[in-house]
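In what follows, a structure is listed as structure tokens, so that the remarks can point back to it.
The values are calculated or read from the model by the stated rules, or taken from the named source; none is laboratory data. Since the structure is predicted, the reported quantities are computational estimates derived from the model, not experimental observations. Neighbour counts are summed over all protein chains in view; Cβ atoms, including those assigned to glycine, are modelled from backbone coordinates with ideal geometry.
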Amino acid sequence: MSRTTPIPDTVTLHVPFRIVRRGGRKEMQLPDGTPQQRKIDNTLVKALARAFRWKRMLESEEFTTIAELAQHEKIAPSYLTRILRLTFLAPDIVEAILDGRPAMAMSAETLRTGLEGDWTVQRRTCGIDRR
């Protein structure tokens with residue numbers, strides 16, 4: 001089988017968008033009706049990263065107490081304890097946060113102030129549907 005029309009060497013693709021400034025940062029804005037990219041909550045992702053890093057530091061016995069770790073990190077032990085609670089989140093909640101999937105009740109403050117230890121209750125509180 002042979003082709004009757006030759007394949008061009010270059011292909012030009014036009015994507016309508018504009019660059020807008022938001023809070024000193026540049027952001028790409030797509031036309032209305034275009035599916036929007038997921039918004040990742042950077043504060044929440046940063047809190048999760050810290051929580052798991054601190055947990056690893058405690059588990060490796062690099063620091064023996066929360067107070068010692070807090071002193072090393074130059075933060076209050078109570079803050080470190082609140083952030084460490086994020087390590088007890090259900091794995092699918094952590095995944096939703098990292099993927100930027102929206103959840104009606106999920107914010108850093110909601111998660112820090114305390115969620116039940118039961119993952120089913122956590123999912124219901126955060127508005128995460130179990131797959």
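Observations
- Annotation: Ile40 fulfils all but one of (1) under 13 Å from the mean Cα position of the chain (by Cα); (2) outside any helix (DSSP H, G or I); (3) exposed (fewer than 12 other Cβ atoms within 10 Å of the Cβ); the unmet one is (3).
Conditions (1) hydrophobic (A, V, I, L, M, F, W, C); (2) outside any strand (DSSP E or B); (3) under 27 Å from Trp119 (Cα atoms), marked per residue:
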site: Val45; (1), (2), (3): yes, yes, yes
site: Leu48; (1), (2), (3): yes, yes, yes
site: Lys55; (1), (2), (3): no, yes, yes
site: Phe63; (1), (2), (3): yes, yes, no
site: Ala67; (1), (2), (3): yes, yes, no
site: His72; (1), (2), (3): no, yes, no
site: Val94; (1), (2), (3): yes, yes, yes
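- Residue check for Glu27: more than 27 Å from Cys126 (Cα to Cα), at pLDDT below 80 and not in a loop (DSSP other than H, G, I, E, B): yes
- Of all residues in the stretch 49-106, those that are polar (S, T, N, Q) and in contact with a Gly (Cβ under 8 Å, 6 or more places away or on another chain) total 0.
- Total residues in the stretch 54-66, condition over 21 Å from Cys126 (Cβ atoms) and either surrounded by 13 or more Cβ atoms within 10 Å (Cβ to Cβ) or among the acidic types (Asp, Glu) (or both): 8
- Residues (among the hydrophobic types (A, V, I, L, M, F, W, C) and either in contact with a helix residue (DSSP H, G or I) (Cβ under 8 Å, 6 or more places away or on another chain) or within 21 Å of Cys126 (Cα to Cα) (or both)) located in the stretch 68-86: Leu69, Ala70, Ala76, Leu80, Ile83, Leu84, Leu86
- Counted residues, the stretch 4-59 - those being of a type outside the set (A, V, I, L, M) and touching a strand residue (DSSP E or B) at 6+ places or on another chain (Cβ under 7 Å): 5
- Test set (1) at pLDDT 95 or above; (2) surrounded by 16 or more Cβ atoms within 10 Å (Cβ to Cβ) - His72 fails condition number: (2)
- Of the residues making up the stretch 79-97, those that are of a type in the set (A, V, I, L, M) and out of contact with any Asp or Glu (no Cβ under 8 Å at 6 or more places or on another chain) are Ile83, Leu84, Leu86, Leu89, Ala90, Ile93, Val94, Ala96.
- Tabulated pairs, the stretch 109-130, first surrounded by 14 or more Cβ atoms within 10 Å (Cβ to Cβ), second of a type in the set (D, E, K, R) and at pLDDT 80 or above, C-beta under 7 angstrom, 6+ apart or interchain: Arg112/Arg82; Arg112/Arg85; Ile128/Asp92
- Here Ala49 passes the criteria (1) modelled with pLDDT of 95 or more; (2) closer than 30 Å to Arg101 by Cβ; (3) not charged (D, E, K, R) except the one numbered (1).
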